[in-house]
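Presented below is the structure to which this report refers.
Since every read-out is calculated from the coordinates, none of them should be taken as a lab result. Bear in mind the structure is a predicted one, so any value in this text is a computation, not a measurement. Positions of Cβ are backbone-derived with ideal geometry, glycine not excepted, and every protein chain shown enters the neighbour counts.
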Amino acid sequence: MSDTTAGMIAARKPPPQARKRWGAARIAGVGLCAIWVVLGIALVASLFSGYDADVFNRYMPRMIEGLWVTAKLVVLSVSAGAVLALFVALARMSDNWIVSKLAFVYVYAFRGTPLLGQVFLLYYGAGQFVDYLEAAGVWWFFREAYNCVLLTFILNTAAYQAEIFKTSIESIPRGQWEAASSLGLHKAQTFWKIILPQALITALRPLGNEIILMVKSSAVASVVTVFDLMGATKLAFSRTYDFNVYMWAAIIYLMIVETLRRVWAVLERRLTRHLER
Amino acid sequence: MEVLSQLAWGANGWADELAAGTWLTVRLALATLPFGLAIGLLVALAKASGERSLEAAANIYTTIFRGLPELLTLFIVYYGGQMALQRLVGLFTDSYVEVNGFVAGMVALGLVFSAYASEVFASAFKGIPAGQGEAAKALGMNRWQAFRLVTLPQLIRLSIGGLSNLWLVLLKETSLVSVIALNDLLRMTNLAQGSTKQPLFFYSVALLIYLVLSLISSRGLGAIEDYVKRGEERRA
């Protein structure tokens, strides 16, 4: 055995990195990105060249007020809907079959029909029963389109949120109930202190989606003369025929939805960090 | 129940109008579906391409059409399309053109549907192991064959659940076209209640029709789901 190292092959450099070629995918990608950029520039250009100080000064404040109405509608309906939804979800899981069937019918009816139709039903339907509602002393509430829309939104989102709560509560393993029971906690305590906190964490993501859906579908309120952001925009367009107002509204809605989505993602990551491996 | 007599067929009742509206609602949803699915699939392919510029372009598309309220998208397509078309035609003649409400509704709902569908397809793509494509390549299939014979059947199976939900959403969203004076079920109901002063009754009927449509669709979709999942292992 002579010198073994002499026969070894010298280490070779790795082959040069294959240069990324301009394949069909990249050409298409760059082309499409270019189209987006052009569209973006066209939008900005049209916003500037079509800028009408009169229209802007007269209608932008109204749209901001409308934005406030939209925000109120969404926050109130989602939070009140959440409370209602919790009870509906509990009713859905009840052992009493009448209660659970009723809750099922409620959820099914609201999820299976269009929100716009529900708004019409409540708004115009209430108008048909003015005398009764006045006699019952609640006509002041149903007289305002805003209140009718708010009530419809609460009932609608409660149905969706009830499904979310039900799924997430049922996703908590049975062992949690059993463990709590063996520690001597009774059912209500177990539910509020052990099950619900864990369920809410799994419900975070779908709840975020529901809030975003609510922001978008709140635009439906404008159809029954509520001046939310969409309503104010429609008013501005019908009076000025200035198409830019729709573009402003689109930008505002997009910004709200994107911000919400990102904030919610951060929030969720923060709240579930103990679950990450 | 004298209210019920207003549901008579023909000139004295509103049943035929409601039926015509329902038919338009169904047609609109069915016409939107293939167009939305095709664009959704293309956008999802772009998202799964691995080419960054293509992914960016696809993500901008979804961000826009998932973020805008459907009603606003509809107005932008309807009035914006009207104005753009008028300007285009104005270059040649000075005749008046009108955008077809059905087409505007189809485009707007299709854009929204495709944005959501692309997310469903994109996550289904992620559910197909890369080894599947490599195996297809090793068997000598070209890219189209690999897509058609290996990827697509699995893609359908993985995305059918999400797409079923989107169909039900689409069916409900068609009601928005009633605000651009397209005679769908909800608008026919508006007309009926306006002339009879029976909003509670007519809107209840309309919502019930929507409910039945959803019920029929979920039955049908359930059957399709069973069919495309027939190769899957039965789980208890």
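At a glance:
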read-out	value
Among A:152-161, B:13-22, the order from most to least packed when residues are scored by Cβ within 10 Å on average	A:152-161, B:13-22
Cβ-placed point charges (K, R +1; D, E -1), dipole of the stretch A:56-131 about Cα centre in debye, nearest 20	220 debye
Alpha-carbon Rg/Rh ratio, for the stretch B:3-228, with Rh computed the Kirkwood way	1.07
Highest to lowest packing among B:111-119, B:217-225, B:153-161, A:242-250, scored as the average C-beta count within 10 Å	B:111-119, A:242-250, B:153-161, B:217-225
Residue-averaged beta-carbon neighbours from other chains (10 angstrom radius) around B:58-66	3
Dipole of chain B [Lys/Arg +1, Asp/Glu -1 at C-beta], most positive-end residue of B:Ile160, B:Ala115, B:Leu176	B:Ile160
Total formal charge among the other residues, if their Cβ is under 13 angstrom from that of A:Ile194, Lys/Arg +1 and Asp/Glu -1	+2
Peptide B:206-218, shielding by other chains (average Cβ, 10 Å cutoff)	3
Peptide-level mean, for A:119-125, of C-beta atoms on other protein chains within 10 Å	6
Subset of A:Lys72/B:Lys47; A:Lys72/A:Lys187; B:Lys137/B:Lys172; A:Lys72/A:Lys193 violating a 32 Å alpha-carbon distance limit	A:Lys72/B:Lys47; A:Lys72/A:Lys187; B:Lys137/B:Lys172
Rough spin-label spacing in nm, given labels placed 7 Å along Cα→Cβ, for B:Ala38 and B:Ser95	2.7 nm
Positive-end residue, the stretch A:142-275 charge dipole about Cα centroid, Cβ charges, pick of A:Asn209, A:Ala219, A:Tyr146	A:Asn209
Where a label projected 7 Å from the Cα of A:Arg239 along Cα→Cβ would reach, residues of the stretch A:68-86 with amide N under 18 Å	A:68-69
Label-zone membership for the stretch A:232-252, site B:Gln82, 7 angstrom Cα→C-beta point, backbone N under 20 Å	A:232-250
Environment charge of B:Trp23, counting only residues whose C-beta is closer than 12 Å and scoring Lys/Arg +1, Asp/Glu -1	-2
Cα shape, the stretch B:65-108, gyration tensor, a/c 1.5 rule	prolate
Residues of type lysines that A:Lys234 reaches as a straight line, Cα spacing below 18 Å, ignoring anything fewer than 8 places off in the same chain	A:Lys216
q = 0.13, 0.15 Å⁻¹, chain A: log10 I(q)/I(0) [Debye, one scatterer per Cα]	-1.04, -1.20
